[in-house]
Amino acid sequence: MGSKEKKLAQDSLVSQVSWYGKTSHLVLLAIIVIATYFTYSPGFSPEKEFTNWDDLGYVVNQPLIKTQDADSAALLWKPSTQVMLNYHPVTMWTLAKNFESAELDIQPYFQTNLFLHVLNALLVFILLFHLANGSLFVSFFGALLFAIHPMHVESVAWISERKDVLYTFFFLLSLLSYLRFQKKNNYIWLVICFGLFILSCLSKAMAVPLPFVLILMDYLNGRKLNWKTLLEKIPFIAVALWFGLNAIEIQSKGAITDFDFFSGWQRLMFASYGFLSYWSKFFVPLGLSAFYPYPNLDQLNQLPWQFTLAPFVILISMGGILFLSRKKGVETFKIALFGLGFFTLMIALVLQFISVGSAITADRYSYVPYIGIVFMLFVFLERWKHYLRLKNWIIAGTIVYAVVFMVLAHERTKVWTNSGTLWSDVIQKHPFVLQMNEGKVKVLQTGAEVAYKNRGNYYREHGDSAAAMKDYLVLVKARVKDPLIYSNVGNMYALMNQYDSSLQMYNLALERNPKSFDVYLNRGITYAKMLKHAEACKDFNMALKINKNDLGTLINLCAAYLNGKMYEECIAASERMKKQAPNRWESYFYMGTAFVNLGKYQQGAESLEKAIELNPSDPFAWYNAGIAQQQIGNKTKAKNYLIKAKSLNYPVPEAVINSL
């Protein structure tokens, strides 16, 4: 081996230089921290709120983080326990700790995310420092771009993405432990690496490619690839397989799209397009969105041309990089293979070979994969033959590039202030474009359905019904498939007493999902308001077939039977409610009132007495009980009951009271 080859081989070994050995190194780390704080400072705004995109399921309405008893803790760690179709108990444990100290004050949640992101940036600095043989150029600028990249805002500013920053923290510590193992050949460090890998997987299943990243690190650092080095990875691979299979099983319950919806070739095109999209947005992070919908198919059921070309562009570009780097020498090839391999391994699981969710790409998926790009990019820049001559210009250009990234990320953080700002940004990037043609609506461009739906929900919850209806109606006109859209519009029409329009929306919802409990319930309530009690009862019974134990529906059913003068049916439904919930006053109220209407006054009086005992503040129960007592001849009790009803603002005529 020649002296030049020996030097290159030595350059590839794990750095023997200390990353914390000089004051200048600590200054660079401080710059990264300060830059990161400035980038994400809009997140400290008092206007910041939880969004209605997963934050409700992870925090606001999540019982697992609100109860700290032993049973809840055991359930949290149970492999079959899923939160938003994911198994990540360590992540949920950290959210539980936030709730324990701050309840629903969002700032501690955001600050924890940001703190973890800062730690990750520092760990990226240390990792790159060792991988690049102590190069400050590679480690500083690589970590800086990781910290302030606009594509990473989603992982930090979105509370639900705690799992991203947390799994990365353990993932990077695991890689650093493995570097220590390579250097010391002490298997204690391999055990530590393994333990950190498990913690990473328990934070998010996207950590599972780590054992293959370790193999890449072996190759990069000149460690022989033999049976011994491969056997070391078997426990890692076993854990990865378990977490991967568990994730697939959980995701298959709702997040994975029907496999037959897209062809195999279309899936390959989606994956290729996503791969290239993540690469292009590393360099030019413009047009970022919290949601990227699938493209429209043309009349021949074909995808746009850029999707067709994507697989071939990948073959040419990635193959070209590896080919040219191989011609430059073994060490250059190692760097290229590590950078491309790291990126590909960490992004492959989310490239939509199997469609998970309704988005084709997501900014958050770039969080860890971009480490491979920054490593390869800056090592190649530093090894460029003109680097020393142009060093000052290259550093100045990179600083300018970083400042641009900081500004873009700073503005991007503002988008995550609340659900209104978030979904308005998505709609601006991916709107529905509709055209009226001879009284019919034609969809020229399919937008982000989830954005219109969730912004509509946000407006409705904040009392702006007109703005909510405007968003919902865009989806109604586009005839989207989601039945909840039509149900929401139906509810709003019902609140405006536009019952015919309300029923039309409920019918459209049931065409899309004939087993929707909420739609049957809401349509039943609308029928009841229209005094169509027989139709209301049919819908309430349909709802109870879907969810037989729903107490609210049973109460509505009893009321509809009573108001529709179906007294025997009302008594039967009340008996059913009494068996299900013995201490609910409504069952006795409806039963007693039905008995009175059937002329069975003694039975009615007994049931209404029980209703009063369970709920002494309801004026209707007192009034009906008074009438029942009057009918059985107990005038004193009847008078007292009617006086009580009047005191509770029931309009009892004085003449009726005086007649007793």
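What follows is calculated from the coordinates using simple rules that are stated; it is not laboratory data. Every value quoted in this text rests on a predicted model; they were computed, and no experiment measured them. No Cβ is skipped: glycine too gets one built from the backbone with ideal geometry, and neighbour counts run over all protein chains shown.
Observations, loosely collected:
- A full extension of the chain between Ala534 and Leu245 corresponds to an added length of 99.1 nm, given 0.36 nm per residue minus the alpha carbon distance.
- Cα shape, the range 538-584, gyration tensor, a/c 1.5 rule: oblate
- Shape category assigned to the range 549-660 from the gyration tensor of Cα positions, a/c cut at 1.5: prolate
- Whole-Å distance, taken between Cα centres, linking the range 266-291 and the range 545-567: 51
- Degrees between helix 635-647 axis and first principal axis of the chain (Cα, 0 to 90, nearest 10): 40
- Three-way shape call for the range 72-229 based on the alpha-carbon gyration tensor, with the a/c threshold at 1.5: oblate
- Gln445 long-range amide H proximity, modeled H, under 5 Å: Val433
- Difference of contour (0.36 nm per residue) and Cα-Cα distance, Ser24 to Ala572: 189.1 nm
- Simple spin-label estimate for Val400 and Glu654 gives 9.0 nm between the two label positions (7 Å along the Cα-to-Cβ direction from each Cα).
- Each Lys and Arg Cβ is given +1 and each Asp and Glu Cβ -1; about its Cα centre, the chain then shows a dipole of about 1640 debye.
- Charges were assigned to the Cβ only: +1 to each Lys and Arg, -1 to each Asp and Glu. The resulting dipole of the range 549-660 about its Cα centre is roughly 260 debye.
- Relative exposure of Ser280, Ser45, judged by other C-beta atoms within 10 Å (fewest first): Ser280, Ser45
- Positive contributions from Lys and Arg (+1) and negative ones from Asp and Glu (-1), summed over other residues with Cβ under 12 Å from the Cβ of Phe620, come out at -1.
- With a threshold of 31 Å on the Cα-Cα distance, the over-threshold entries among Lys579/Lys600; Lys163/Lys442; Lys600/Lys646; Lys470/Lys548; Lys545/Lys610 are Lys163/Lys442; Lys470/Lys548.
- Euclidean distance of C-alpha centroids, the range 403-440 and the range 85-109, integer Å: 28
- Sorting 436-449, 112-125 by average packing, meaning the other beta carbons within 10 Å per residue, from highest down gives 112-125, 436-449.
- Around Trp423: net Lys/Arg minus Asp/Glu count, Cβ-Cβ under 10 Å: 0
- The angle separating the long axis of helix 419-429 from the principal Cα axis of greatest extent in the chain is about 60 degrees.
- Sorting the segments 415-423, 382-390, 28-36 by their residues' average number of neighbouring beta-carbon atoms within 10 angstrom, most packed first, yields 415-423, 28-36, 382-390.
- Counting neighbouring beta carbons within 10 Å and listing from fewest to most, the residues Cys201, Cys193 come out as Cys193, Cys201.
- Distance in nm between pseudo-label sites at Lys565 and Lys224 (7 Å out along the Cβ direction from Cα): 9.7
- In degrees, nearest ten, helix 601-614 long axis to first principal axis of the chain (Cα): 40
- Proximal aspartates and glutamates to Lys228, defined as alpha-carbon separation beneath 15 angstrom and excluding residues fewer than eight positions away on the same chain: Asp218
- Between the alpha-carbon centres of the range 599-620 and the range 304-345 there is a gap of 79 Å.
- Projecting the Cα atoms of Leu225, Thr36, Leu175 onto the dipole axis of the range 3-415, where Lys and Arg carry +1 and Asp and Glu carry -1 at the beta carbon, places Leu225 farthest toward the positive end.
- Net charge in the neighbourhood of His152 (other residues with Cβ under 12 Å of its Cβ; Lys, Arg +1, Asp, Glu -1) is -1.
- Straightening the chain between Lys66 and Asn513 buys 157.6 nm, computed as 0.36 nm per residue apart minus the Cα-Cα spacing.
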